[in-house]
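The values are calculated or read from the model by the stated rules, or taken from the named source; none is laboratory data. As the structure is a computational prediction, the values presented were derived from the model and not from experiment. Note that each Cβ is placed from the backbone with ideal geometry, even for glycine, and that neighbours are counted across all protein chains shown.
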Amino acid sequence: MTDKKMKGLVVSATSLLIFFACFIMVGTGLAGAASLSVNPALTEDLAPTDTFSVDVVVDSAGTALSGIDFSLTYDTSALDVTGATYSGLLDGMYFVNLNDGEVLLAALDNSPYTSHAGTVLTIDFEVKAGAADGMYDLELDGVTLQDGSEEDISPVTINDGQVEVEAESSGSGDEEVPVLEIIADTGVFGVGDTFQATVVVDSAETALSGLDFSMAYDTSALDVTSATYSGLLDGMYFVNLNDGEVLLAALDTSPYASQVGTVLTIDFEVKEGAPDGFYTLDLTDVTLEDGDENPIADVDVIDDIVEIETPVEVVIEGIDLLPGWNLISVPETLENADVDFVLQDFGDTEVDSVFYYNASSGMMEIPEDFEPLKAYWVHNDMGETVTINETYLVPMVPSVPPMLTLYPGWNAIGHTAMVELSAEVALSTIDDCYVKVTGPWLPATSEFAYVGYNGQEGIINGNQVGTDVFAMNVYEGYFVYVDEECVLA
């Protein structure tokens, strides 16, 4: 970079490094008069499906406070976290992340630093259905408070919390009823994609002599290519495929018994030109017959919904840089990748800092070029959005497909294509080594929007999702966690 663009980098680099250290690693601190506490210390009289909230409260006991980070762990067999809200007590950059069984916070204050006492984080919980009676710990871990010299405060008193669950006993009036449910494959499907849906019966200990139903679907978006009966009832059966409807009638042979399991597997294909949207797989005309060959009066029928969304090529006029820190990338080798060339429209008072986190050294670096598959922190010091003109982002033709070596831990990566892809597709070359991916970065709130978990599907909890629905977009940057050295391509 030019001398002009080097101005002000020292302060920017220091603040970013402190923040990034909070993101990459949660330090360990102990306490004197300073404390970090879960409030209330005991939450009691909770039953399955109840909701409650706790606050994490800091008291620096008269010591100036420049930063804080910690994690709160909880028992996933009994509790779900539905949200976590930062209070803004420290008014600098902050990062909140929800992992399975853990909530993380890292936050910085702006100088001049002062002492603080108050709530830093409010966490919302739900007691899981089926949670066992007992006491469950809310444990503060990896606690670090930093003083006005940005040194660890020691010691720090840590006060954990507890939750008491007392499941309400179910009476004789909670008798189960038979269920017929259709369950579709999870995910988002596009034109030409195929998926399956299974129809499952549970007669709830009632003898089952026969069943029949139809399953209706939208022919503007879906085709049924086949339907296979499972043989769960071993008598006569009939399967018929009509336009927009699948029919099944099946009988068992005596002596009749209760049944649980799949009765029908249906194969679908998304039609050419299918509009984006949600489509119901609708079970209708459902009849289950008991051991006396009479219709069962009360049957719980559960439909399912599939989502269709066909990826479209993203038309970009440039890269928007919002006020504050932005995390950007380029998917292809540029014709002229020089940082000064790409940012030539901005002075040192506008876009004043560019950094790359090198996972091999664990250090922030000032790059000379924008390289493909890497993610770069770029700071817009203006109060308004500016745009990197697309004429400075022309790809080199021809060029060698880019590759990037990733190292154990967090790596700053870019998107691999010029169209939106799920992480499951975009990161397929490192499928055997990555654990999770987080992004995109939201400059307005200084946090990552989502965390995608490799091997998981659909929406898990809040901003925690499977990689099949974690969207990766052109020019966005991400952080991916790998457990061994591997190569992204």
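Does ASP285 satisfy the criteria of being assigned by TED's automatic domain parsing to the domain that holds PHE195, under 30 Å from the mean Cα position of the chain (by Cα) and surrounded by fewer than 19 Cβ atoms within 10 Å (Cβ to Cβ)?
no
Just the residues that are more than 22 Å from the chain's Cα centre (by Cα), surrounded by 16 or more Cβ atoms within 10 Å (Cβ to Cβ) and of a type in the set (A, V, I, L, M), please, taken from the stretch 38-81.
VAL38, LEU46, VAL54, VAL56, VAL57, VAL58, ALA61, ALA64, LEU65, ILE68, listed by residue number.
In the stretch 369-438, which strands (runs of 3 or more DSSP E) lie fully inside it and hold 1 or more residues that are surrounded by fewer than 20 Cβ atoms within 10 Å (Cβ to Cβ)? Talk me through it step by step, then tell me what you get.
Numbers: elements: 375-380, 386-389, 404-406, 409-414.
Answer list for the stretch 369-438: 386-389, 404-406, 409-414.
Let's see how each residue does on (1) charged (D, E, K, R); (2) more than 22 Å from PHE479 (Cα to Cα); (3) touching a strand residue (DSSP E or B) at 6+ places or on another chain (Cβ under 9 Å):
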residue: GLU335; (1), (2), (3): yes, yes, yes
residue: LYS374; (1), (2), (3): yes, no, yes
residue: GLY383; (1), (2), (3): no, yes, no
residue: VAL400; (1), (2), (3): no, yes, no
residue: TRP410; (1), (2), (3): no, no, yes
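GLU307 - would you say it is assigned to a loop (DSSP other than H, G, I, E, B), at pLDDT below 95 and acidic (Asp, Glu)?
No, not satisfied.
Taking the stretch 231-272 as the region of interest, how many residues are in contact (Cβ under 8 Å) with a residue 12 or more places away in the chain and over 23 Å from ASP292 (Cα atoms)?
Summing the residues that are in contact (Cβ under 8 Å) with a residue 12 or more places away in the chain and over 23 Å from ASP292 (Cα atoms) in the stretch 231-272 gives 16.
So for the stretch 91-101 (the condition being among the charged types (D, E, K, R) and surrounded by fewer than 18 Cβ atoms within 10 Å (Cβ to Cβ)), does at least one residue qualify?
Scanning the stretch 91-101, I find at least one residue that is among the charged types (D, E, K, R) and surrounded by fewer than 18 Cβ atoms within 10 Å (Cβ to Cβ), so the answer is yes.
Residues checked against (1) without any contact (Cβ under 8 Å) to a residue 40 or more places away in the chain; (2) closer than 19 Å to ALA449 by Cα:
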site: GLY67; (1), (2): no, no
site: LEU89; (1), (2): yes, no
site: VAL96; (1), (2): no, yes
site: ASP100; (1), (2): no, yes
site: VAL103; (1), (2): yes, yes
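Pairs under 7 Å by beta carbon, first residue closer than 18 Å to THR253 by Cα and free of Cβ contacts under 8 Å to residues at least 60 places away in the same chain in the stretch 288-299, partner surrounded by fewer than 18 Cβ atoms within 10 Å (Cβ to Cβ) and of a type in the set (Val, Ile, Thr), six or more apart or different chains?
PRO295/THR287
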